[in-house]
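The values are calculated or read from the model by the stated rules, or taken from the named source; none is laboratory data. In this text the structure is predicted, and so the values were computed from the model without any measurement. Cβ coordinates were reconstructed from backbone atoms using ideal geometry, including for glycine residues, and neighbour counts include every protein chain displayed. When the accessible area is computed, the model is the full protein with side chains, heavy atoms only, and any ligands, DNA or RNA have been set aside. Shrake-Rupley method; radii C 1.70, N 1.55, O 1.52, S 1.80 Å.
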Amino acid sequence: MSKTTIISNREVNSASKPVVNWRVYLTLTKPKVVALMILTALVGMCLAVPGALPVQASILGLTGIALMAGSAAAFNHLIDRRIDAIMARTHKRPLPSGDLSAGKVMAFASGIGIAGFAVLALGVNWLTAWLTFASLLGYAVVYTLYLKRATPQNIVIAGIAGAMPPLLGWTAVTGELHANAWLLVMIIFIWTPPHFWH
């Protein structure tokens, strides 16, 4: 076999491998959900301080929260990949469809999660970093890995993780917890079950 034939065979093999588009990775982050979380975090920021928002804390806070929320969503894809494969609504997601491997999703989820934590810890404050990390664990581990498989009331219990963004926004610009921030959390937490049951 000639060198030309070997090279052309390699070219055919490499061409037959699907090129992973950045949109596939974006899908892992559940961008619509993350956008809603960022919006509610921004509301928390606006209610926390009178007048103009501190620019650096606001931008870095929203960036870090978005990255860690996207990480939680990607871990959700990873943990639920076998369930997703047998459901009509989810079987075309990146993992069940074969667009991405579990290893790549793990690396991506870990990478953006660590990046988000670093942005919050170094650019905002440690309180917001740890609270956001707790929310990530609440969604990716407690809700996805345990509650979804344990009880049909999983969304009621785990709704607290999804209700945290206003509190995270509040702490990002103030550096402290406040009763009013927890009130915002409770409003979303109480609203979540009727929203899903409707």
If residue 110 satisfies every condition in (1) over 21 Å from residue 22 (Cβ atoms); (2) part of a helix (DSSP H, G or I) but one, which is the exception?
(1)
Among residues of the stretch 37-58, those that are over 26 Å from residue 107 (Cβ atoms) and open to solvent by 40 Å² or more (accessible area, probe 1.4 Å), counted:
12
Has the stretch 70-78 got any residue that is modelled with pLDDT under 85, touching a helix residue (DSSP H, G or I) at 6+ places or on another chain (Cβ under 6 Å) and crowded, with 19+ Cβ neighbours inside 10 Å?
yes
Within the stretch 105-129, tally of residues that are in contact (Cβ under 8 Å) with a residue 60 or more places away in the chain and open to solvent by 40 Å² or more (accessible area, probe 1.4 Å)
1
Being over 23 Å from residue 25 (Cβ atoms) and in contact (Cβ under 8 Å) with a residue 60 or more places away in the chain is the requirement here; does residue 53 meet it?
yes
Could you tell me whether any residue of the stretch 47-62 is at pLDDT 95 or above, touching a Leu at 6+ places or on another chain (Cβ under 6 Å) and farther than 17 Å from residue 136 by Cα?
no
